[in-house]
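Taking it in order: structure first as structure tokens, then the write-up.
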Amino acid sequence: MPLTNWPPSSSLYPAWPPSELLASWFSTSDLRTLLFDLKKLGFTQSAPTSAETNTFFRNVRCDEDHAVVGRMLVSPDGTRRYPFAACNNAAHRQLLVLWPPDYCMGAGSGIE
């Protein structure tokens, strides 16, 4: 089953990878490493505002049709907010990302 309402329209969020990385490509071995590397660079995370929830996460479902939880990655200067989502099913926990080729990172990718 395909993802529902993900990714959001690319005109709604900043380009990836974040300009603070000074790179045209960014990859890590796993979610834990991604979070560690971004935190070292000054990124933080927060819950989405009501407007962000409505814009990015309304009716989003993972590829197994589970509801998702939205999170925002916040740039070091606080001016850019990047939407991410995680499947809310305890046995599934997929991470949904903004960039292709795989918007859904697979079962277990959202565990963190």
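The values are calculated or read from the model by the stated rules, or taken from the named source; none is laboratory data. Keep in mind that this is a model prediction, so the values were computed, not measured. Note: ideal-geometry Cβ built from the backbone for every residue, glycine included; neighbour counts use all protein chains shown.
Going residue by residue through the range 4-24, is there one that turns out to be outside any loop (DSSP other than H, G, I, E, B) and in contact with a Pro (Cβ under 7 Å, 6 or more places away or on another chain)?
Looking through the range 4-24, at least one residue is outside any loop (DSSP other than H, G, I, E, B) and in contact with a Pro (Cβ under 7 Å, 6 or more places away or on another chain).
Yes or no: D63 at pLDDT 80 or above and among the acidic types (D, E)?
So D63 fits the description; yes.
Those residues that are of a type in the set (D, E, K, R) and over 18 Å from D37 (Cβ atoms), I need them from the range 54-98; list them, please.
R58, R61, D63, E64, D65, R81, R93
So, of the residues in the range 35-53 that are of a type in the set (S, T, Y) and assigned to a helix (DSSP H, G or I), which turns out to be farthest from the chain's Cα centre (by Cα)?
S50
Within the range 46-79, can you find the residues that are closer than 24 Å to L21 by Cα, crowded, with 18+ Cβ neighbours inside 10 Å and either of a type in the set (D, E) or without any contact (Cβ under 8 Å) to a residue 12 or more places away in the chain (or both)?
Result: E52, single match.
Are any residues in the range 8-45 of a type in the set (G, A, S), surrounded by fewer than 12 Cβ atoms within 10 Å (Cβ to Cβ) and more than 16 Å from F84 (Cα to Cα), and if so, which ones?
Answer for the range 8-45, where residues must be of a type in the set (G, A, S), surrounded by fewer than 12 Cβ atoms within 10 Å (Cβ to Cβ) and more than 16 Å from F84 (Cα to Cα): S19, A23, S24, S29.
May I ask you to verify whether G110 is at pLDDT below 85, crowded, with 19+ Cβ neighbours inside 10 Å and either of a type outside the set (F, W, Y) or part of a strand (DSSP E or B) (or both)?
In short, yes.
Looking only at the range 80-102, filter to residues that are modelled with pLDDT under 80 and surrounded by fewer than 17 Cβ atoms within 10 Å (Cβ to Cβ); which one of those is nearest to E52 (Cα to Cα)?
W99
Of all residues in the range 5-50, how many are small (G, A, S) and at pLDDT below 90?
Result for the range 5-50: 9.
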